[in-house]
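Here the structure comes first, spelled out in structure tokens, and everything after it is commentary.
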Amino acid sequence: MKFKVKLTEEKIKYLLSKPEKGMGYQIVDIKLIDGRIISDVTVLNGEELELDEYIEPSKILEIIVR
Amino acid sequence: MFSQNLPRFDLTQAPTAKVVDVNIINGKQAFQQGMLNIKMFSNVINENTSADKQQEEKMQVQEAFIRFSHFENDKRIDWQNRRVLPGTYAAPIDDGLECIKKKDNINSRYALPNSLVIKFIFYIIPEIGTFLKRGIVEPANNYLGGGKEVIFTRGTNNYSVLKTDEIGLDEV
């Protein structure tokens, strides 16, 4: 089961300024405040992360588009 | 959704083109009536690689495209200006409609994540001179891909997104 995490407006704006990987999605790495990095995460519609665990949007420090 | 103040597109530069008044006809109807029988995929793709690995080119003739989406409020579309943002993918309209007609698995053909259940299609007719890259969808998301794809490297012009249709696979 995947958890859907809605990103903050700031992160959405950033993602929409970057190219897609395919129609409707991007692949990103996310850096969390606790130092962890989660790689190869799918983002749908520039706003919704698909994750194996739920993460509070406020705990996401940075998103890097691959 | 887009019923007012749409421009009239003159497609006469294409080989078999006619004029389509998009103010009174939507993209699907136009295609069904042969009015979008324009040169839709003008350049031969020499390599079976994804669009992002190809050379950027300028669209030389009038072409039409389809974007499949799970979201009616697709955020890659600037709804105020009815244009797509730079870095947005679509499919040539012939490839997209063939997929629908044959009831192919859209996610498979365009290697989309399973969670993107396609519900909407957007018709895109950018102006000649639009920058894009063309390619073949590479395997991803456990699918082989194989469909034709384009990426609008610099986005499209205002009013190039003409119509939204809720997808009905039996209707095309």
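Rule-based calculations on the coordinates, nothing more; no lab input. Predicted model only: the values in this text are computed from it and were never measured. Because the Cβ atoms are built from the backbone with ideal geometry, glycine has one as well, and the counts that use them run over all protein chains shown.
Brief remarks on what is shown
- Residue list for region A:9-39, restricted to those being within 11 Å of another protein chain (Cβ to nearest Cβ) and not hydrophobic (A, V, I, L, M, F, W, C): A:K13, A:S17, A:K18, A:P19, A:E20, A:K21, A:G22, A:G24, A:Y25, A:Q26
- A:I64 being touching a residue at least 24 places away in the same chain (Cβ under 8 Å), away from chain B (no Cβ under 14 Å) and part of a strand (DSSP E or B): yes
- Residue in region B:134-152 that is away from every other protein chain (no Cβ under 14 Å), touching a Gly at 6+ places or on another chain (Cβ under 8 Å) and crowded, with 16+ Cβ neighbours inside 10 Å present: no
- Only one of the listed residues (B:K163, B:K75, B:K103, B:K133) is part of a strand (DSSP E or B) and more than 12 Å from the chain's Cα centre (by Cα). That residue is B:K133.
- Looking only at region A:1-17, and only at residues there that are outside any helix (DSSP H, G or I) and in contact with a Pro (Cβ under 9 Å, 6 or more places away or on another chain), the one that is surrounded by the fewest Cβ atoms within 10 Å (Cβ to Cβ): A:K6
- Qualifying positions in region A:32-42 - out of contact with any helix residue (DSSP H, G or I) (no Cβ under 6 Å at 6 or more places or on another chain) and in a strand (DSSP E or B): A:I37, A:I38, A:S39, A:D40, A:V41, A:T42
- Close contacts from region B:62-79, counting a first residue that is within 8 Å of another protein chain (Cβ to nearest Cβ) and free of Cβ contacts under 8 Å to residues at least 40 places away in the same chain and a second that is in a strand (DSSP E or B) and polar (S, T, N, Q), with Cβ to Cβ under 8 Å and a gap of 6+ residues or different chains, come to B:R76/B:T88.
- Meets criteria (out of contact with any Cys (no Cβ under 8 Å at 6 or more places or on another chain) and within 14 Å of another protein chain (Cβ to nearest Cβ)) for A:E53: no
- Residue match in region A:41-49 (condition: more than 9 Å from every other protein chain (Cβ to nearest Cβ) and over 9 Å from the mean Cα position of the chain (by Cα)): no
- Of the residues in region B:112-124, at least one is touching an Asp or Glu at 6+ places or on another chain (Cβ under 8 Å), of a type in the set (G, A, S) and within 10 Å of another protein chain (Cβ to nearest Cβ).
- Subset of region B:97-124 [touching a residue at least 40 places away in the same chain (Cβ under 8 Å), within 18 Å of B:I136 (Cα to Cα) and not hydrophobic (A, V, I, L, M, F, W, C)]: B:Y110
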